[in-house]
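Here, each number is a calculation from the coordinates, and none is a lab measurement. Because the structure is a prediction, the values reported are computed rather than measured. Virtual Cβ from ideal backbone geometry, glycine too; neighbours counted across all protein chains shown.
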Amino acid sequence: MSKLFTGGCQCGALRYQAKVLGRASICHCRMCQKAFGNCFAPLVEAEGFEWVRGQRSIFASSNLSSRGFCGNCGTPITLETGEVVELAIATLDDPLIVKIEYHANTEDRQDAVLQLDKIPEAKTEQKIENDEWNSRIISYQHPDHITDTWEVKR
């Protein structure tokens, strides 16, 4: 049996699988920026894609493409253009397997993206404060693996 690539939303209401992952890119277009609430959208093409838990909500972001997302937690998951499905890379259970090949729609790229490596890391006191804050967190996020059942937190 071949490996399936699995993933889903933050709350676990949506889960998917794909048989093949294709080209991966970082899209800088304004639609992706707004859909992801970020300066860019890392996406990978998927073949043999199917939803295995839940039903996505859909927003037609243009006359050519729709965006699939979780109606419960809001996680953006797909960019669907005709028969082509692209997945938000970070929604994969193992996003590190994807090697990004190129930047797309760079005319809309935010200047800050070109400076990310120049932004300093948190100072020691900020790291300590962050660690203290993070130690109090009880995550309701779905784990990065297949589960037979999952109680969605609302």
Go ahead and set up a Gaussian network model of the chain, Cα springs under 10 Å, then flag whichever of Lys123, Lys99, Lys34 fluctuates most. Lys123
Taking only the C-alpha atoms, wrap a convex hull around the chain and report its volume per residue in Å³ as a whole number. 142
The chain: most fluctuating residue of Gln55, Gln115, Gln17 per GNM, C-alpha cutoff 10 Å: Gln115
Within the chain, the percent of DSSP beta bridges that are antiparallel, given to the nearest 5, stands at 90
Mind counting lysine pairs for me in the chain? Cα separation below 20 Å, and the two need to be 8 or more apart along the chain or on different chains. 4
For Asp94 and Phe59 in one chain, what is 0.36 nm times their gap in residues minus the Cα-Cα distance, to one decimal in nm? 10.0 nm
Once every DSSP H run of n ≥ 4 in the chain is given -39500 (n - 2.57) and the sum is divided by its residues, what mean residue ellipticity at 222 nm do you get, rounded to the nearest 500 deg cm²/dmol? -3500 deg cm²/dmol
Taking +1 at the Cβ of each Lys and Arg and -1 at the Cβ of each Asp and Glu, which of Ile119, Val85, Leu96 sits farthest along the dipole of the stretch 72-154 towards its positive end, judged by Cα position relative to the Cα centre? Ile119
